[in-house]
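One structure below.
The values are calculated or read from the model by the stated rules, or taken from the named source; none is laboratory data. Bear in mind that the values here come from a model prediction, so they are computed numbers and not experimental data. Neighbour counts run over all protein chains shown; Cβ positions are idealised from the backbone, glycine included. The area values use the complete protein model at the heavy-atom level, side chains included, leaving out ligands, DNA and RNA. Shrake-Rupley method; radii C 1.70, N 1.55, O 1.52, S 1.80 Å.
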Amino acid sequence: GENVEQHPSTLSVQEGDSAVIKCTYSDSASNYFPWYKQELGKRPQLIIDIRSNVGEKKDQRIAVTLNKTAKHFSLHITETQPEDSAVYFCLILTGGGNKLTFGTGTQLKVEL
Amino acid sequence: EAQVTQNPRYLITVTGKKLTVTCSQNMNHEYMSWYRQDPGLGLRQIYYSMNVEVTDKGDVPEGYKVSRKEKRNFPLILESPSPNQTSLYFCASRGVGLAGDRGVYEQYFGPGTRLTVT
């Protein structure tokens, strides 16, 4: 499948600090870049996505940036709160958008 | 309420005993897929279906079968389960066309099925 690398695998921050998670991919045809959040014991849910014709997208405290030349995109969470503690996954779509490859996940822990 | 349902939610079985995990969605989505989630490996796609009677392999299809006879249902079949198929399984569906600001590719996941094969 598509080669997707996600880093770091774990991230611990103090409440109020920022967190950044990065994904690197190999298929230059990819044009849609979402991030999913999975809270403990729950299903993954889409939190933000970006298309390749846009370099950055923000939604309140979260943002996604894309560097298509370097083939990486990042999730930025500002002013982190305890409820941001979860596992975050990036996702790459290939095969016309039908074949999906998730990153291996980042366990984010926001400490009080 | 728009949702994806899976049954059973928990299953403990023995090696070689055929089982089926059902998945159903009520959003009239064309695309459905199955994933397994294992620690350190994230979510890996098993099979996907672009519409009725159209299925294709994901990254880890060995040991699994699927069928798509109706648009709303996409069951996952393990003909002869083995211990290495012990995992958390998620079904997901996705529509086509814009959905608000989310675009065309938002996936809606079921609640998951935790399978243990002894």
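Couple of notes before you dig in:
- Contact annotation: residue pairs with Cβ atoms under 6 Å, 6 or more positions apart or on different chains, pairing a residue in region A:22-33 that is in contact (Cβ under 8 Å) with a residue 12 or more places away in the chain and under 7 Å from A:PHE73 (Cα atoms) with a partner that is buried (at least 18 other Cβ atoms within 10 Å of the Cβ) and among the aromatic types (Phe, Trp, Tyr), are A:CYS23/A:PHE73.
- Search result, residues across region B:5-15 that are assigned to a loop (DSSP other than H, G, I, E, B), open to solvent by 70 Å² or more (accessible area, probe 1.4 Å) and under 26 Å from B:LYS69 (Cβ atoms): B:ARG9
- Filtering region A:83-111 to residues that are more than 7 Å from chain B (Cβ to nearest Cβ) and assigned to a loop (DSSP other than H, G, I, E, B) leaves only A:SER85.
- Enumeration of residues in region A:66-77 that are within 19 Å of A:LEU46 (Cβ to Cβ) and touching a residue at least 40 places away in the same chain (Cβ under 8 Å): A:PHE73, A:SER74, A:LEU75, A:HIS76, A:ILE77
- Selection within region B:19-33 - in a strand (DSSP E or B) and touching a Phe, Trp or Tyr at 6+ places or on another chain (Cβ under 9 Å): B:VAL21, B:THR22, B:CYS23, B:SER24, B:GLN25, B:TYR31, B:MET32, B:SER33
- Some residue of region A:96-108 being hydrophobic (A, V, I, L, M, F, W, C), touching a helix residue (DSSP H, G or I) at 6+ places or on another chain (Cβ under 8 Å) and either within 28 Å of B:GLN6 (Cα to Cα) or open to solvent by less than 30 Å² (accessible area, probe 1.4 Å) (or both): yes
- Inclusion of A:THR78 among residues that are farther than 19 Å from A:SER28 by Cα, open to solvent by 10 Å² or more (accessible area, probe 1.4 Å) and within 9 Å of chain B (Cβ to nearest Cβ) is not warranted.
- Candidates B:GLU30, B:GLU106, filtered to the one that is acidic (Asp, Glu) and either open to solvent by less than 40 Å² (accessible area, probe 1.4 Å) or at pLDDT 95 or above (or both): B:GLU106
- Selected residue (criterion: nearest to the chain's Cα centre (by Cα)) from residues of region A:32-50 that are within 11 Å of another protein chain (Cβ to nearest Cβ) and exposed (fewer than 14 other Cβ atoms within 10 Å of the Cβ): A:LYS42
- Scope region B:52-61; condition in a loop (DSSP other than H, G, I, E, B), open to solvent by 40 Å² or more (accessible area, probe 1.4 Å) and within 13 Å of another protein chain (Cβ to nearest Cβ); matching residues: B:ASP59
- The requirement of being surrounded by 14 or more Cβ atoms within 10 Å (Cβ to Cβ) and under 14 Å from the mean Cα position of the chain (by Cα) is not satisfied by B:GLY95.
A quick yes/no check of all residues on (1) farther than 27 Å from A:GLY103 by Cβ; (2) part of a loop (DSSP other than H, G, I, E, B); (3) within 12 Å of chain A (Cβ to nearest Cβ):
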{"residue": "B:GLU1", "(1), (2), (3)": "yes, yes, no"}
{"residue": "B:LYS17", "(1), (2), (3)": "yes, yes, no"}
{"residue": "B:TYR35", "(1), (2), (3)": "no, no, yes"}
{"residue": "B:ILE46", "(1), (2), (3)": "no, no, yes"}
{"residue": "B:MET50", "(1), (2), (3)": "no, no, yes"}
{"residue": "B:GLY63", "(1), (2), (3)": "no, yes, no"}
